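The values are calculated or read from the model by the stated rules, or taken from the named source; none is laboratory data. Small disclaimer: the values here were computed from a predicted structure and weren't measured. Cβ placement follows ideal geometry from the backbone for every residue including glycine, while neighbour counts extend to all protein chains displayed. Heads up: the accessible areas ignore ligands, DNA and RNA and are worked out on the full protein's heavy atoms, side chains in. Shrake-Rupley method; radii C 1.70, N 1.55, O 1.52, S 1.80 Å.
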Amino acid sequence: MDQEEGLKALDNIVTQFNTYEDFLDSQITTVDLYYLEDETLARQLVELGYRGTGERVKREDFEARKAAIEISRLAERAQQKWLASTGKDLQ
């Protein structure tokens with residue numbers, strides 16, 4: 001997978017989950033919880049890449065991409081408000 005595909009995959013993950021913990025929880029199976037009997041341990045194993053049902057994403061990458069997407073969203077909204085206030089057609 002090249003870098004652009006990796007960023008698209010990360011963007012999909014970041015927009016799908018509100019928090020990094022939600023992302024980790026999505027990769028934990030009921031079997032994992034049955035044998036480990038500890039949600040925190042299960043999350044740590046997913047974070048380290050030992051367990052999980054999907055893509056491995058570091059916390060720093062998740063949080064940085066989440067912040068970048070939020071900044072982009074806020075900038076776009078501010079630009080739309082500015083265009084609307086100047087009477088420009090948004091379409």
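Kindly indicate whether any position in region 60-80 is charged (D, E, K, R) and touching a Phe, Trp or Tyr at 6+ places or on another chain (Cβ under 9 Å). Within region 60-80, one or more residues are charged (D, E, K, R) and touching a Phe, Trp or Tyr at 6+ places or on another chain (Cβ under 9 Å). Take residue 8 and tell me if it is at pLDDT below 85 and within 16 Å of the chain's Cα centre (by Cα). The answer is yes for residue 8.
If you go through region 24-42 and keep only what is out of contact with any helix residue (DSSP H, G or I) (no Cβ under 6 Å at 6 or more places or on another chain) and within 25 Å of residue 70 (Cα to Cα), you end up with 25, 26.
Quick check on this structure: which one of 18, 12 is open to solvent by 40 Å² or more (accessible area, probe 1.4 Å) and outside any helix (DSSP H, G or I)? Please lay out each step first, then the result.
Working: 12 fails: outside any helix (DSSP H, G or I).
Exactly one residue qualifies, and that residue is 18.
Residues in region 43-58 that are touching a residue at least 12 places away in the same chain (Cβ under 8 Å) and open to solvent by less than 70 Å² (accessible area, probe 1.4 Å): 43, 45, 46, 47, 52, 54, 57.
Annotation note: of 40, 86, 15, 29, the sole residue that is in contact (Cβ under 8 Å) with a residue 24 or more places away in the chain and over 18 Å from the mean Cα position of the chain (by Cα) is 29.
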